[in-house]
Amino acid sequence: MNSDLEEMLRLIDKLETTRDLTDEEFEKVLLCEDPAFSGELSARARKVREGIYGKEVYLRGLVEFSNFCKNNCKYCGIRRDNKNAQRYRLSEEEILSCCDMGYELGFRTFVLQGGEDPHFTDERLVPLIRKIKENHPDCAITLSIGEREKESYRKLFEAGADRYLLRHETADKAHYEILHPKEMSFEHRMQCLRDLKEIGYQVGAGMMIGSPCQTTAHLIEDLRFLQDLQPEMVGIGPFIPHHDTEYKDQKAGTVDMTLRLLSVIRLLLPQVLLPATTALGTIDPMGREKGILAGANVVMPNLSPSAVRGKYLLYDNKICTGDEAAECIRCMTMRVQKVGYQVVTDRGDHIRFKK
Ligand code: SAH
């Protein structure tokens, strides 16, 4: 074995035992394209994940309940200024029936995701969350509906929401300000994450890999931020351009960089819930399987009604927009099995939150 590779393998040992590296070492790990190194990095991440969660893969039923959005994030296909997006909003009955169908299919977590739609006030969301919990008391509810005030987060938590996904998108303020319009604030996004933690949610942060102007130094800042926040979940996936945004001609993030980051995050935060995302499955037909083999332990099949699936388009060529929920879960179960893991009917809480 050459000495460079030996040195790189020592970095994996160090990362696993100390859960830390210097910036220079992180940079070497993120930039190393030697397949022998990547193979060892993902094998180590798998071992750590199996030590905690075994071979189980947790399911989340994703209900994309509205694509109305008051924000204008430059990378996102459902940004306010995209006049070509066909807007839709599910009714309370439709959302409840997605959850009922999901329950039958074996889902025990429902993720309600949407744009920042002003229609969904606390007065509308609180009874909705209560009803889902009444109908399915053994299920967890995850919200992914963007930035709100702390009081609102508290009301939704008290109504029964268990988890909240709010990707930080980038931990670098200047980079954040490139990706977002002036009216959005880096400080407010960070404040939201701290508020969510304080209230008691299982919190998910995360970033896109390969977003416009992102550097390796930014990714290292993201890792430092995750070390500091200690989120229960981390959602990462490649940036993929959307044809109706100013980033339409930008390059997408790569599979390899996303996989290296999944493994590094597994070693940094061994207990974290880490999804193999739809975006990863979009840039590579085997992306989600590769994600699981790199240390991911969650998949999020789509539960949205087929009539609206083709409208929740954050980026181009999104997969599974034509399938029925039952088909999605059948396909996911098989894909997971093929790489030696097993989808389970379980809430799939973070180990610190297990009852
Ligand atoms: N409105 C909610 C949900 C956003 S959608 C919120 O603000 O949290 C979920 C995630 O999709 C975003 O956080 C972003 O990281 C990701 N996303 C948006 N546009 C994308 C693109 N073009 N490529 C890849 N991921 C994208």
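The values are calculated or read from the model by the stated rules, or taken from the named source; none is laboratory data. Keep in mind that what you see is a predicted model, and the values were worked out from it rather than measured. Here Cβ is always computed from backbone atoms with ideal geometry, including for glycine, and neighbour counts include all displayed protein chains.
Since TYR247 meets every condition but one in (1) in contact with a Leu (Cβ under 8 Å, 6 or more places away or on another chain); (2) near the ligand (Cβ under 10 Å from one of its atoms), which condition does it not meet? Status for TYR247: all satisfied but (1). Confirm whether THR254 is more than 14 Å from the ligand (Cβ to nearest atom) and either modelled with pLDDT under 95 or surrounded by fewer than 21 Cβ atoms within 10 Å (Cβ to Cβ) (or both). For THR254, the condition - more than 14 Å from the ligand (Cβ to nearest atom) and either modelled with pLDDT under 95 or surrounded by fewer than 21 Cβ atoms within 10 Å (Cβ to Cβ) (or both) - is not met. Looking only at segment 299-350, count how many residues are assigned to a loop (DSSP other than H, G, I, E, B) and closer than 18 Å to GLU289 by Cα. Here the count works out to 8. In the set (1) over 17 Å from VAL63 (Cα atoms); (2) within 22 Å of the chain's Cα centre (by Cα); (3) part of a loop (DSSP other than H, G, I, E, B); (4) not hydrophobic (A, V, I, L, M, F, W, C), the condition left unmet by TYR153 is number (3). Set side by side, the residues SER66, SER97 differ, and just one is away from the ligand (no atom under 14 Å from the Cβ) and either buried (at least 22 other Cβ atoms within 10 Å of the Cβ) or not aromatic (Phe, Trp, Tyr) (or both), which is SER97.
Looking only at residues in segment 311-339 that are within 16 Å of the ligand (Cβ to nearest atom) and not hydroxyl-bearing (Ser, Thr, Tyr), which one is nearest to LEU90 (Cα to Cα)?
LYS311
In the set ARG108, ARG167, ARG154, only one residue is under 22 Å from PRO301 (Cβ atoms), crowded, with 16+ Cβ neighbours inside 10 Å and away from the ligand (no atom under 14 Å from the Cβ); that residue is ARG108. Among residues of segment 56-85 that are in a loop (DSSP other than H, G, I, E, B), those with a beta-carbon under 7 Å from a residue that is polar (S, T, N, Q) and away from the ligand (no atom under 11 Å from the Cβ) at least six positions away or on a different chain give the pairs ARG60/THR109; ARG60/THR142; ARG79/ASN72; ARG80/ASN72; ASP81/ASN72. Pairing residues of segment 333-355 that are in contact (Cβ under 8 Å) with a residue 24 or more places away in the chain and surrounded by 12 or more Cβ atoms within 10 Å (Cβ to Cβ) with residues that are of a type in the set (D, E, K, R) and in a helix (DSSP H, G or I), at Cβ distances under 6 Å and at least 6 apart in sequence or on separate chains, gives ARG335/GLU289; VAL339/GLU289. Which residue is surrounded by the most Cβ atoms within 10 Å (Cβ to Cβ), if the candidates are limited to segment 265-307 and must be touching a Gly at 6+ places or on another chain (Cβ under 9 Å) and closer than 20 Å to LYS28 by Cα? Ranking the candidates gives ARG266 first. Considering segment 194-220, and only residues there that are more than 11 Å from the ligand (Cβ to nearest atom) and buried (at least 19 other Cβ atoms within 10 Å of the Cβ), the residue that is farthest from LEU259 (Cα to Cα) turns out to be ASP195.
Per the conditions (1) in contact with a Leu (Cβ under 7 Å, 6 or more places away or on another chain); (2) touching a residue at least 40 places away in the same chain (Cβ under 8 Å), the sole criterion not satisfied by TYR315 is (1).
Within segment 71-117, can you find the residues that are under 21 Å from the mean Cα position of the chain (by Cα), closer than 19 Å to LYS182 by Cα and not aromatic (Phe, Trp, Tyr)? Once the filter is applied, which keeps residues that are under 21 Å from the mean Cα position of the chain (by Cα), closer than 19 Å to LYS182 by Cα and not aromatic (Phe, Trp, Tyr), segment 71-117 yields ASN71, ASN72, CYS73, LYS74, CYS76, GLY77, ILE78, ARG79, GLY115, GLU116. Of all the residues in segment 271-310, those that are within 14 Å of the ligand (Cβ to nearest atom) and among the β-branched types (Val, Ile, Thr) number 4.
Here GLY200 passes the criteria (1) closer than 25 Å to GLY77 by Cβ; (2) among the small types (Gly, Ala, Ser); (3) touching a residue at least 24 places away in the same chain (Cβ under 8 Å); (4) out of contact with any His (no Cβ under 9 Å at 6 or more places or on another chain) except the one numbered (1). Go through segment 223-237 and count every residue that is more than 12 Å from the ligand (Cβ to nearest atom) and either in contact with a Pro (Cβ under 7 Å, 6 or more places away or on another chain) or of a type outside the set (A, V, I, L, M, F, W, C) (or both). Total satisfying the criteria: 6. Residue-level analysis places GLU40 outside the set of residues that are in a helix (DSSP H, G or I), surrounded by fewer than 16 Cβ atoms within 10 Å (Cβ to Cβ) and of a type in the set (Asp, Glu).
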